[in-house]
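To start, the structure itself, in structure tokens.
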Amino acid sequence: MIFFQAMRKDFFSSHYGKIYYELNGAEFAPAIVFIHGVGMNCHTFEKQIESLQPHYRTLVWDLPGHGRSTLKNYSKRFTELSAECLNKLLEELHISRAVLVGQSLGSMVAQHLQLKHPEKVLAAVHAPGIELRSHAGVWAKSIVPLFIFLIELIPENVFYKSFGKHRAFKKEVQESLSATMRETGKKFALKITADMCYDLIYSSPQPEKVPLLILYGEKDLPFIRNASKSWHARETMSQCVAIHQANHIANQDNPEAFNLAMHRFLDDL
């Protein structure tokens, strides 16, 4: 029998700032750790947390500089420092092994954690995600500053509105994304975006193999959908599911289909 425990909401002091988190579920239940995308916060996973109760222990947190979390010592790629924060948070909460659920940027953070601490990753859900490896070659690094400069030219209000519009299918999700990105700030988000680009340009070692679930919205950008399918084709321990009536933030656009795919994956484990 699993005994339900009240949600714990608290801050953890890390080398990179104060990290806000919410821990829910019984101490000895299987642990699921969620990692949100750029310009978002832990509340993006509310429908997933609700669906997983009471049989799983869930951890959601605000990445450094997002939501209620602060950021200092931005001395390395954001994906790497976030993985370090998560590792320390898991140690603080005595979570020795978990299933990671990474959303976009969160997928990269999950992969960095898996590279450094493979013993802590039972399985991973990338929703969506792109495999951490060189996709274009080092020559492409010179394009990144130009790409970021062009986005900087977009007026802030237009940028925030476009962020939501081009990443979500439902209007209410679009508005929510625009609001959280406005809180995060354009300048900070673009710095993170540059780090993500470099993660996909420079070569990376391959993590130990674990079961993977790769999810993507059927209305997401073609290169995201194709990257998800290609990743699945290379991974013998993977499943790949397209979420109907959903864009990049599929877990909010169609939480019912998203949760069903996740439950089936967890049941197989």
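Going by what's in this entry, would Val144 be described as of a type in the set (Val, Ile, Thr), modelled with pLDDT of 95 or more and either out of contact with any Cys (no Cβ under 7 Å at 6 or more places or on another chain) or assigned to a strand (DSSP E or B) (or both)?
Against the criterion (of a type in the set (Val, Ile, Thr), modelled with pLDDT of 95 or more and either out of contact with any Cys (no Cβ under 7 Å at 6 or more places or on another chain) or assigned to a strand (DSSP E or B) (or both)), Val144 does not qualify.
Working only within the range 258-269, note down all residues that are part of a helix (DSSP H, G or I) and farther than 24 Å from Gly39 by Cα. Outline the logic, then answer.
Quick first cut of the range 258-269, residues part of a helix (DSSP H, G or I) only: 258-268.
Residues satisfying the conditions are Leu260, Ala261, His263, Arg264, Phe265, Leu266, Asp267, Asp268.
So, restricting to helices (runs of 4 or more DSSP H) that lie completely within the range 174-257, which ones have at least 2 residues that are over 28 Å from Lys76 (Cβ atoms) and at pLDDT 95 or above?
222-234, 250-253
Of the residues that make up the range 12-21, is at least one touching a Pro at 6+ places or on another chain (Cβ under 9 Å) and more than 17 Å from Ser69 (Cβ to Cβ)?
Checking the range 12-21: not a single residue is touching a Pro at 6+ places or on another chain (Cβ under 9 Å) and more than 17 Å from Ser69 (Cβ to Cβ).
Condition (residue is more than 23 Å from Thr180 (Cα to Cα), of a type in the set (Lys, Arg), surrounded by 16 or more Cβ atoms within 10 Å (Cβ to Cβ) and free of Cβ contacts under 8 Å to residues at least 40 places away in the same chain) applied to the range 51-66: is it met by at least one residue?
Scanning the range 51-66, I find at least one residue that is more than 23 Å from Thr180 (Cα to Cα), of a type in the set (Lys, Arg), surrounded by 16 or more Cβ atoms within 10 Å (Cβ to Cβ) and free of Cβ contacts under 8 Å to residues at least 40 places away in the same chain, so the answer is yes.
Restricting attention to the range 181-203, does a residue exist that is on the phi > 0 side of the Ramachandran plot and either over 18 Å from the mean Cα position of the chain (by Cα) or among the small types (Gly, Ala, Ser) (or both)?
yes
For Gln103, which of the numbered conditions (1) over 16 Å from the mean Cα position of the chain (by Cα); (2) crowded, with 21+ Cβ neighbours inside 10 Å fails to hold?
(1)
Mind checking which residues of the range 151-172 are part of a helix (DSSP H, G or I) and surrounded by fewer than 21 Cβ atoms within 10 Å (Cβ to Cβ)?
Ile151, Glu152, Glu156, Asn157, Val158, Phe159, Lys161, Ser162, Lys165, Lys171, Glu172
For the range 38-78, which residues satisfy the criterion of being in a strand (DSSP E or B) and among the polar types (S, T, N, Q)?
Thr58
Residue by residue, here is whether (1) farther than 21 Å from Leu260 by Cα; (2) among the basic types (Lys, Arg) holds:
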{"residue": "Asp10", "(1), (2)": "yes, no"}
{"residue": "His15", "(1), (2)": "yes, no"}
{"residue": "Lys18", "(1), (2)": "yes, yes"}
{"residue": "Pro30", "(1), (2)": "no, no"}
{"residue": "Glu80", "(1), (2)": "yes, no"}
{"residue": "Glu84", "(1), (2)": "yes, no"}
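To keep it simple, each residue is scored yes or no on (1) in contact with a Ser or Thr (Cβ under 6 Å, 6 or more places away or on another chain); (2) in a strand (DSSP E or B); (3) under 22 Å from Glu22 (Cβ atoms); (4) of a type in the set (Phe, Trp, Tyr).
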residue	(1), (2), (3), (4)
Leu90	no, no, yes, no
Leu100	no, yes, yes, no
Leu122	no, yes, yes, no
Trp139	no, no, no, yes
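The values are calculated or read from the model by the stated rules, or taken from the named source; none is laboratory data. Predicted, not measured: the structure shown is a model, and the values here were computed from it. Cβ sites come from the backbone with ideal geometry, for glycine too, and all protein chains shown count toward neighbours.
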